[in-house]
1. Per residue of the protein assembly as shown, what 222 nm ellipticity follows from adding -39500 (n - 2.57) for every DSSP H run with n ≥ 4, rounded to the nearest 500?
2. Per 0.36 nm of contour for each residue apart, how much would the distance between B:Glu124 and B:Asp89 grow if the chain were fully extended, relative to their Cα-Cα spacing?
3. Could you compute the FRET efficiency for A:Tyr68 and A:Val140, with r as their C-beta to C-beta distance and R0 at 41 Å, rounded to 0.05?
4. For the protein assembly as shown, just the Cα set please: Rg and Dmax, both in angstrom.
5. Would you list, by chain and number, the lysines whose Cα falls below 16 Å from the Cα of A:Lys72, excluding same-chain residues fewer than 8 positions away?
6. Let's test the formula: R0 of 60 Å, r as the Cβ-Cβ distance of B:Glu407 and A:Ala246. What FRET efficiency results, to the nearest 0.05?
7. Which of the trypsin sites (Lys or Arg not before Pro) found in the stretch B:330-392 are in a DSSP loop and have at most 10 neighbouring Cβ atoms, other than their own, within 10 Å?
8. Students often forget the sequence filter, so: which lysines lie under 26 Å Cα-Cα from B:Lys300 once same-chain residues fewer than 8 apart are removed?
Amino acid sequence: MSSQLLTVSPSPHIHQQQQTVSNLMFGVVIALTPAFIVSLVVFGVGAIKVTLAGVFFCMLFEYLISKYLLKKEANLADGSAIITGILLAFNLPANLPIWIIAIGSLVAIGLGKMAFGGLGNNPFNPAMVGRVFLLISFPVPMTSWPVAMESQWRLADGVTGATPMEIFKEGLEAGLPISEIMGQLPSYFTLFLGGQGGCIGEVSGLALFLGFLYMLYKKIITWHIPVSLLATVFALTGLFWMINPAQYADPVFQVITGGLLLGAFYMATDYVTSPMTSKGMLIYGVGIGVFTVVIRLWGSYPEGISFAILIMNGFVPLINKYVKPRRFGEVKPA
Amino acid sequence: MNAFLKDIKTFPLGGVHPQEYKLSADIPTEKLALPKMVSIPISQHIGVPAKPVVNARDKVKVGQVIAKNEGFVSTNIHASVSGMVTKIDRVLDSTGYKRDAIIIRVDGDEWLPEIDQTDEIKREISVESDEIVKKIAEAGIVGLGGATFPSHVKLAIPKGKKADCLIINGVECEPYLTSDHRIMLEKTEEVLVGTQILMKALKVEQCWIGIEINKADAIAALKKMCVQYPGIQVQPLKVHYPQGGEKQLIKAVLNREVPAGGLPIDVGVVVQNVGTAFAVYEAIQKNKPLIERVVTVTGKSVLKPSNLWVRIGTPVQELIDFVGGLPEDTGKIISGGPMMGKALNDTEIPVAKGTSGILIIPSEEAHRKPMKVCIRCSQCVGVCPMGLEPYLLMTLTQKELYERLEEDQVLNCIECGSCAYTCPSDRPILDYIRLGKKTVLSIIKERNNKK
Ligand code: SF4
Ligand code: SF4
């Protein structure tokens with residue numbers, strides 16, 4: 001055997017086969033499928049239109065920007081542009097005009113990701129950057145929701161309605177008692193199954209939860225961020241509800257409505273923009289929870305999770321710098 | 001079975017579980033025929049190379065010292081065959097470099113008369129504590145799990161420290177390797193006697209033998225036999241890499257944590273490998289120095305995966321011939337296991353004291369995939385058994401930020417490879433960490449010199 005034929009490289013000599021970058025990303029897509037199916041039932045054609053547009057534009061801009069601006073190989077196969085596209089779309093109303101989606105995608109990919117050097121380098125969650133940009137620039141179309149189950153198979157604009165969160169907030173402003181506002185809303189069970197108006201991806205807590213379990217099972221994410229985030233929102237809103245049930249909604253309502261689950265399971269867990277250690281993830285989750293509650297209760301937007309995620313994204317470098325894993329053999333202070 | 005499963009232990013941080021591929025687990029050991037020529041490196045251990053005490057054309061017998069230890073952290077080297085020393089020359093070894101070796105042309109198989117070559121088990125231990133350590137040093141015994149640290153050094157407890165127990169490492173957590181497994185099965189009682197000798201040398205009353213539960217037969221055999229050996233217990237361990245890492249093993253078995261930068265003795269423990277325990281038995285009870293060892297020769301395409309008793313210095317090619325030759329799709333040959341072993345660049349490299357296995361990897365698995373960007377998935381952090389941040393250590397090395405590397409405890413890395421094994425972006429994390437470690441070490445050395 002001539003020695004030239006032998007490969008010589010340092011250990012380890014084997015590598016796990018299950019988790020490549022595209023497998024991980026594809027796993028997230030699978031996890032999002034139940035939520036997509038529910039949104040099809042609820043919003044019909046609009047859901048397909050918006051989701052496809054989101055994915056298409058994100059991939060297109062990723063390709064164009066890498067090729068012509070950054071002048072390097074576009075890497076669409078890693079699946080990250082697809083996920084950004086889906087997540088952006090899932091955070092949009094089903095009747096949003098396509099050109100707005102295109103703008104959102106350009107901002108998400110261009111500003112949210114490529115401006116920082118592409119996958120792995122962006123401090124802010126691209127889908128959230130895109131969504132928040134649209135929310136500020138196009139507040140009206142971004143907050144007029146097709147009513148669930150009514151306009152789903154019409155291509156033209158159908159009836160629009162409000163999300164449970166908005167109904168609640170507007171009801172409060174109009175001075176209605178809580179019991180009456182709640183009377184206007186479907187039961188929690190219906191809300192959880194998929195009966196709420198709102199963005200494409202946030203209609204069914206149950207479907208989102210199934211996807212979350214799948215991602216845990218496949219070890220795509222860990223429990224730390226979603227659990228700490230949801231627990232924080234539940235505890236804080238629960239506290240206010242106990243202090244003054246006439247003014248604050250109860251914690252169950254807070255947790256199952258308004259995109260909180262979508263954000264907690266899929267957006268806050270984005271690899272690139274979340275902390276690297278379990279301890280860091282817990283801090284990050286709690287932080288997002290706190291900001292979400294603050295914005296929901298006292299902010300001018302009914303929805304808080306997108307802003308909260310972006311705010312906490314900003315803290316991630318700090319968290320990574322100061323929150324270290326539990327080191328083996330650390331000398332405990334005596 | 002349930003009671004048995006209940007007391008399985010493991011280490012708490014990180015770890016991975018590669019597919020085990022213990023292809024040769026049920027294959028009894030065989031003696032490999034004597035080669036025509038051996039080249040015995042004078043540096044097969046951590047520490048100072050031994051100094052040759054023979055010259056070309058000297059006749060030697062099996063067991064004769066041919067190179068003497070130079071200083072404390074060093075050890076003797078013995079002739080593994082009888083015959084004539086042809087020359088002392090530079091020979092390629094598993095480090096990839098040419099280093100001094102004593103080359104002997106084999107002639108017959110004549111052993112030193114004081115060596116007891118029978119298989120009869122000698123249970124009575126008549127040697128005193130201090131004498132044991134001395135004899136182990138003379139017999140050239142080193143850690144046979146692959147670390148090759150001279151055993152007598154480990155047994156000499158530094159002033160101010162005290163050992164209260166011994167752990168025998170029968171974990172064999174590397175995929176493919178089965179040499180320790182076979183020794184535990186075939187030399188069960190000898191291992192226990194060897195363990196007792198080590199306990200006597202350390203003056204400890206307690207010993208645990210840690211074994212991963214994928215070796216249920218070895219656990220059963222040792223459990224049954226160890227009732228006759230007071231103080232020795234078997235501890236089943238979860239199949240989880242790197243369970244056999246010294247620090248992980250101590251944590252799993254005793255829940256003691258070796259402090260960063262410290263040694264097992266800092267928590268009162270000495271760890272020795274099962275193969276080492278057997279070698280100790282032979283050295284003390286049979287007067288036989290370390291001249292042969294069990295080597296697992298294996299691989300997915302290997303015709304006849306085997307466990308072979310091989311004389312030190314035998315060219316790897318002879319082992320490969322025994323298992324049916326090099327498979328056509330061979331891409332890489334590894335000395336040791338796939339997680340921590342060294343790739344060999346030649347099949348004439350001699351088997352050394354630390355060669356636990358020869359693993360032949362098919363070419364489609366031999367190449368690394370191109371590295372992609374870090375997606376910051378934190379998987380490497382999650383699997384690091386030392387609680388480090390491998391992605392960060394790699395980046396800091398790339399950016400040459402050595403002070404921060406030191407702060408982030410790069411020196412604590414045990415080079416287990418779990419991080420690089422796991423990374424979905426195929427990043428060569430450990431390559432960089434090794435580089436970073438080396439640089440940091442030299443910086444520290446310089447700093448200390450200045451003081
Ligand atoms: S090789 Fe080092 S850094 Fe990587 S997992 Fe093992 S101990 Fe941690
Ligand atoms: S496993 Fe690889 S991709 Fe993931 S954080 Fe570590 S280095 Fe980055």
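1. -12000 deg cm²/dmol
2. Full-extension gain reported as 8.4 nm.
3. 0.75
4. Using the Cα atoms of the protein assembly as shown, the pair Rg, Dmax is 32.2, 107 Å.
5. Result set, ordered by chain and number: A:Lys113, B:Lys372.
6. For R0 = 60 Å, the calculated efficiency reads 0.65.
7. none
8. List returned: B:Lys22, B:Lys31, B:Lys215, B:Lys238, B:Lys332, B:Lys342, B:Lys353, B:Lys369.
The values are calculated or read from the model by the stated rules, or taken from the named source; none is laboratory data. It should be emphasised that the depicted structure is a prediction, and the values quoted were computed from it without experimental measurement. Cβ sites come from the backbone with ideal geometry, for glycine too, and all protein chains shown count toward neighbours. For accessibility, only protein heavy atoms count, side chains too; no ligands or nucleic acids. Shrake-Rupley method; radii C 1.70, N 1.55, O 1.52, S 1.80 Å.
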